Each structure stands twice: as C-alpha cells, then as structure tokens.
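Colleague: One structure is given below, represented as structure tokens, and several questions about it will come after.
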Amino acid sequence: MNIKYKKSLFAIGLSACFAVSTAQAAKPAFIAGQVVVKGNSYDFPDNEVLKVLPYSGFVVLKVAPGKEMAQLRKFRDKGKKASLNLIVKQFATPNDVGYPYQWNMSAVQAEQAWDITAGAGIKVAVIDSGLAVAGSSDGIACAVDAKNTIDGSTNAFDGNGHGTHVSGTIAQSTNNTTGVAGLAYAACVMPIKALSDAGSGTDADVAEAIAYAVNKGARVINMSLGYSAQYPLSYFAGYPSYSALNNVPDNVVVVVASGNEGALNVSYPASHPTAIAVGSVQEGNTIAYYSNKGSNIDVVAPGSYILQETRYGGTWNYYQFSGTSMAAPHVSAAAALLLSADNSLTKAEVLNKLKSSALDLGAAGEDSVYGAGLIQVADSLAGAGTPVNQAPVASFSSTCDASFFCSFSSSSVDSDGSIVNLNWSFGDGSANVDTASSTIDHQFSSAGDYTVTLMASDDDAASSSTSELITLVAAVPEEIPSSVMATDKQDGTATIEWSYSDGSADSFNIERRKLNRKGNWSGASLIAIVPVSTLSHTDSSGKGTFSYRVNAVNGVGATDWSTWAEVTVSGNTKGGGGGPGGGKGKKK
C-alpha cells in the first residue's frame with residue numbers, strides 16, 4: 001500500500017478563512033445578494049427565486065448586494081422567517097508526515113466491537129463535500145441516496161477529498177485484503193454534498209441536507225463542518241440549519257465536529273442541543289492542540305493523523321488528515337454500531353451508552369476538555385459503565401399580540417428525571433426570571449428582534465438551553481385622519497385641522513395642491529411632517545385656491561390619505577410660502 005503524507009491545501013485555506021472571520025466580529029461571512037426565507041416559490045412573486053429547498057421548506061431569493069439586511073427587515077416585518085445565507089466551512093487542519101498505520105481503530109476498541117456488529121442495516125448521512133467512488137482501489141462498500149443540495153441533483157461527486165476521507169472512517173471496505181478499514185464497515189453511507197469542492201457551503205444548503213437525510217431514513221448524521229467558535233449558539237437561532245436541527249426526530253443521532261480553533265467554547269452546529277459535540281485526541285490519548293473545548297463537549301475520538309483512502313488533488317491514494325473533522329466520524333460510526341445492535345435506541349440512549357462507557361481522560365468525571373472521555377465502542381455495545389444523567393431538552397413556544405405582550409410556554413422534557421427550574425432570558429435587557437411554572441408572560445416595550453433563551457435544569461443538576469428569535473412588529477396605523485378642514489387666515493396663510501384618535505401613529509404627512517387659472521389642480525406635494533401630538537398646521541401658501549390632505553404614519557407604514565379640504569387664501573405676503581409651490585407676495 002502506497003501511503004502519501006501531504007499537506008491538505010484545502011485545510012490551509014480553511015484556517016486562513018477562520019483568521020479573517022475572527023477579525024470580523026460583527027457577523028459570519030455570508031453570500032452577497034442572497035437571503036433565505038421560509039416558504040414556497042409562489043409566495044414571493046416580486047422576487048427572483050434562486051433555489052427551492054423542498055425538504056427544509058426554505059427558498060433562496062436574489063436581492064441587491066448590500067441590501068441584504070434591508071430585505072431581511074422587510075420579510076420579518078411581514079412575519080416571515082428570514083436570514084442571511086451564511087457560509088459554513090469544513091473542519092480540517094494541515095499536516096505533513098503521520099504514522100503509517102491506523103492507530104485510531106485500536107484506540108476505540110474496533111476489533112472487539114466487530115465481534116459484535118459491523119453496522120449492517122444503518123444509513124449514515126455524511127453532510128460534507130460529497131463522495132468520490134470511481135478510481136478507488138478500496139472504496140465504500142455501500143453508498144445510497146446520494147444528494148447534492150447545492151444544485152439539487154443526485155451528483156454528490158467529491159472534488160475536494162474531505163467528504164470521502166470522512167466517509168472512509170465510517171464505512172471503508174474492510175476485510176478485503178486491500179487498503180484500510182472503516183469502523184462501521186457494514187453500514188451504508190448517504191453522501192450529501194452541501195460543501196463545494198473548495199470546502200465551503202451555505203447554511204441553507206446544510207439545512208436542506210439535514211432535512212433530506214431525515215426524509216431518506218438516515219439514523220445517523222455526521223457533520224464535520226461549522227462556523228467560528230466566536231459566535232454563540234444564540235446567534236444562529238434564526239437561521240435555517242438551526243430550524244432543521246430542531247426538527248430532527250429522537251431516533252436520529254446527529255454528530256458534529258467541535259471545531260479546530262483551540263477555543264474554549266464549541267463551535268456551531270456542534271453547540272446545538274440536539275448534537276453530539278466531538279473533540280479530538282492525538283495518539284497517546286491527549287487532547288489535540290486544535291480541538292475546541294467547552295462545557296458542552298460530549299466525548300472525544302481520534303482525530304490526528306487519521307489514515308484513509310481519498311481522492312486528493314485529483315489523485316487517489318492513502319492520506320493522513322487531522323482535525324475534529326476526522327474525530328466526528330468515529331463517533332458517527334460508533335452510533336451506527338449501537339443502532340445496528342439495537343435499532344430501538346433513541347439519540348439520548350446512544351449518547352448515554354457512549355458517555356457511560358468512555359475512557360475517562362483529564363479531570364475525573366466529565367470535563368470541558370474531554371467531555372465524558374474517549375469513546376470505547378466495544379464497551380458501549382456491552383452496556384458497560386454507569387448510566388450518565390441525561391440533560392433535559394429545552395424547548396418552548398410563544399404567542400405575541402400587537403401591544404408586544406408575549407406569552408411563553410415551555411415544552412421542555414427530561415428523559416431520566418424531572419425538570420425543577422426554568423430560567424428565562426428575554427433579550428431586552430430585563431432581568432432573567434427563574435420559575436418552576438411551564439408558562440410565563442412578558443411585556444416588551446417596543447418592536448424589534450429579541451433572542452429569547454430558555455435554560456431548563458433537572459433534578460440531577462444537568463441543564464440545557466435553547467434560543468428562538470422573536471420578531472415583534474408594530475402595527476400599521478388603521479385610522480385615516482378625518483374631519484379635515486382648511487381655513488383662510490386672511491394673511492396669506494391657511495390653517496389645516498383634522499381629527500385622529502389611533503395611538504399607533506408617530507406623525508402626520510400633509511400634502512397640498514393648487515388650482516391654476518385654467519381650473520386644473522397641480523400635482524400634490526408634501527409640505528409638512530408634524531408629530532402625532534399636533535392636529536393642526538399653518539401653511540404660508542400665499543394667495544390662491546388650495547386643497548390639503550393628511551395621512552398617518554409610523555415606522556411600519558402609512559394609512560391612506562384623507563379626503564381633500566379646499567380653501568381660497570386671501571391677503572398679501574412679502575416673502576412667499578412656507579413649502580414647495582408656495583406663492584410669491586406682490587410688490588406694491
């Protein structure tokens with residue numbers, strides 16, 4: 001077997017991209033000229049639809065570059081779920097020379113596990129850069145339901161190499177006297193190409209990939225990708241991938257790489273409550289320098305110098321890659337083995353078995369570096385270890401009225417105990433509220449976007465949180481100003497008065513037109529904007545016949561115009577009017 005040790009050039013580009021992202025604290029990179037909105041193509045007759053994502057229920061719309069945020073506000077004001085189309089990256093780091101054998105398999109008890117099961121009957125979706133098959137000397141024995149969510153086709157060819165390497169760790173052909181082994185070699189890989197051959201993709205395409213995997217019966221979803229760890233989980237609450245992860249059923253296990261920045265918190269989507277967050281260890285079972293850490297690290301797996309066959313730079317060979325990207329598929333394969341042995345397991349039960357049987361590393365018990373420890377697949381299949389308390393799953397719903405009064409209802413559950421406290425943060429600067437009640441009300445002071453976070457804690461001191469973006473929109477004024485009158489002040493001015501009682505307006509617009517000598521009205525022109533506390537206005541129009549109309553306005557929109565009120569203004573002025581079209585005084 002010819003093993004090559006090469007730097008992964010795509011990984012160099014990735015680390016450079018992270019450096020740029022870290023410098024831009026405002027928001028992650030996104031696709032210019034695009035927004036992602038929940039709905040169908042026919043819901044947006046005034047917009048060009050670039051892509052329909054049928055499995056996740058989103059569409060990608062074309063907007064003017066630089067106008068993305070303005071368009072988002074318009075859609076959200078109409079009650080639509082809308083977001084930027086964020087750019088997501090694969091997690092891999094460059095390496096040169098590694099070890100000429102698969103140390104990773106013995107580290108997780110692969111051979112002992114294969115005496116029990118090899119993963120038959122389980123589909124593992126790999127959301128990545130795709131899968132290359134033609135030309136391989138070893139290859140994946142079973143690949144099904146291939147999908148390309150970038151272009152909507154079934155062509156998931158991997159021109160990058162990352163997705164093929166990840167898939168090989170899961171299900172490379174084994175016991176065939178050729179090449180290397182896969183940990184769950186009898187499982188079927190479902191290759192879903194959501195990342196380009198350059199190693200990046202969009203949040204919308206990842207969301208579609210998640211929904212597609214669930215629809216096609218995947219029991220495990222592997223994502224060796226994500227965003228910079230500088231962005232907290234709450235930032236992503238309004239994005240398509242967050243919604244897709246929220247909708248993953250309990251019998252589907254989602255495994256995500258924790259990220260490669262060596263950060264003290266886990267990147268998204270590994271930080272999502274439904275995901276198993278995986279860190280990376282190197283040979284010798286010490287944490288890899290690049291592996292992100294944090295309180296929500298679940299387990300670790302081998303991730304440094306992982307040998308697999310892949311097509312890199314257009315050439316098939318055996319390459320060693322490093323990164324949490326390489327660690328995550330070990331856990332996905334372990335989940336496939338567990339599900340093959342017991343197809344009734346839920347994702348919570350799979351995680352419990354992996355944690356309770358893990359080799360404890362670092363500080364005693366679970367810690368923020370290794371989580372529960374290094375997965376031990378054979379022990380997990382044998383049911384070894386003491387059951388680990390499962391954190392509750394936090395979730396809630398909300399309803400709000402036009403006065404910004406909102407009612408929240410928690411639907412949080414705890415699979416192995418009871419929830420004893422709910423902590424609410426409303427995202428408006430008010431103090432957090434702790435309560436045991438499943439319902440709570442909150443009065444917001446103004447329209448806007450608020451990230452509401454619920455943290456649920458159980459009777460064994462475990463907790464989890466979830467966030468949702470609540471968009472409160474002020475109502476468009478309904479009442480049209482009435483009883484509009486215009487009175488000649490006999491000094492070249494006219495006073496306009498009207499009635500109004502709707503409290504939702506901020507101001508009034510006043511328009512004027514003039515009757516010419518031929519008996520025709522001029523075009524209407526705006527002459528004044530007055531505050532809502534004022535129900536009259538004096539216009540220095542000069543002499544002539546004029547008519548005036550008024551409408552009510554707030555930050556959302558405006559009412560229709562009132563009827564016209566006509567007046568003939570007499571008297572003389574020396575200076576001309578106080579607005580567009582005002583007349584000049586005559587010289588004497």
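Yes or no, residue by residue, for (1) aliphatic (A, V, I, L, M); (2) in contact with a Gly (Cβ under 8 Å, 6 or more places away or on another chain):
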site: 53; (1), (2): yes, no
site: 56; (1), (2): no, no
site: 74; (1), (2): no, no
site: 81; (1), (2): no, yes
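Colleague: OK, next. Restricting attention to the range 319-342, which residues are buried (at least 22 other Cβ atoms within 10 Å of the Cβ) and farther than 19 Å from residue 359 by Cβ?
Modeller: Scanning the range 319-342 gives 319, 320, 321, 322, 323, 325, 336, 339.
Colleague: Looking only at the range 132-155, count every residue that is of a type in the set (A, V, I, L, M, F, W, C), more than 17 Å from residue 55 (Cα to Cα) and touching a Lys or Arg at 6+ places or on another chain (Cβ under 8 Å) and tell me the total.
Modeller: So the answer is 2.
Colleague: Another question, then. Could you check how many residues of the range 544-569 are farther than 20 Å from residue 524 by Cα and either surrounded by 13 or more Cβ atoms within 10 Å (Cβ to Cβ) or modelled with pLDDT of 95 or more (or both)?
Modeller: Number satisfying all stated conditions: 2.
Colleague: So, one more: Could you give every pair whose Cβ atoms fall below 7 Å, whose first residue belongs to the range 25-37 and is more than 11 Å from residue 83 (Cβ to Cβ) and in a loop (DSSP other than H, G, I, E, B), and whose second residue is aromatic (Phe, Trp, Tyr) and at pLDDT below 80, counting only separations of at least 6 or pairs across chains?
Modeller: none
Colleague: Right, something else. Where the second residue is at pLDDT below 90 and among the acidic types (Asp, Glu) and the first is farther than 30 Å from residue 204 by Cβ and in a helix (DSSP H, G or I) and lies in the range 103-128, which pairs have Cβ atoms under 8 Å and are six or more apart or on separate chains?
Modeller: Close Cβ pairs satisfying both conditions: 105/111.
Colleague: On to the next question. Take residue 413 and tell me if it is hydrophobic (A, V, I, L, M, F, W, C) and in the same structural domain as residue 113 (by the TED database).
Modeller: no
Colleague: In the range 458-468, how many are assigned to a strand (DSSP E or B) and either in the same structural domain as residue 245 (by the TED database) or out of contact with any Leu (no Cβ under 7 Å at 6 or more places or on another chain) (or both)?
Modeller: 4
Colleague: Another question about this same structure. Can you name the number of the only condition in (1) part of a strand (DSSP E or B); (2) not assigned by the TED database to the domain that holds residue 404 that residue 455 fails?
Modeller: Checking residue 455 against (1) part of a strand (DSSP E or B); (2) not assigned by the TED database to the domain that holds residue 404, the one that fails is (2).
Colleague: With the requirement that a residue be of a type in the set (D, E, K, R) and under 19 Å from residue 210 (Cβ atoms), what does the range 267-303 give you?
Modeller: 298
Colleague: Could you check the range 475-550 for strands (runs of 3 or more DSSP E) lying wholly inside it with 3 or more residues that are farther than 30 Å from residue 77 by Cβ?
Modeller: 482-488, 494-499, 507-514, 536-539
Colleague: Let me ask you something else. Could you identify the single residue in 402, 431, 391 that is part of a loop (DSSP other than H, G, I, E, B) and surrounded by 18 or more Cβ atoms within 10 Å (Cβ to Cβ)?
Modeller: 391
Colleague: Hey, could you check the range 463-495 for residues that are buried (at least 20 other Cβ atoms within 10 Å of the Cβ) and over 30 Å from residue 424 (Cα atoms) and say which is nearest to the chain's Cα centre (by Cα)?
Modeller: Per the stated criteria, the residue is 477.
Colleague: Let me ask something else about it. Residues that are surrounded by fewer than 24 Cβ atoms within 10 Å (Cβ to Cβ) and either in contact (Cβ under 8 Å) with a residue 60 or more places away in the chain or of a type in the set (D, E, K, R) (or both): which strands (runs of 3 or more DSSP E) entirely in the range 146-233 hold 2 or more of them?
Modeller: none
Colleague: Scan the range 446-463 for residues that are touching a Ser or Thr at 6+ places or on another chain (Cβ under 6 Å) and among the charged types (D, E, K, R) and jot them down.
Modeller: 449, 459
The values are calculated or read from the model by the stated rules, or taken from the named source; none is laboratory data. The shown structure was predicted, so the numbers you read here are calculated from the model rather than taken from an experiment. For neighbour counting, all protein chains shown are included, and Cβ atoms are generated from backbone atoms with ideal geometry for every residue, glycine included.
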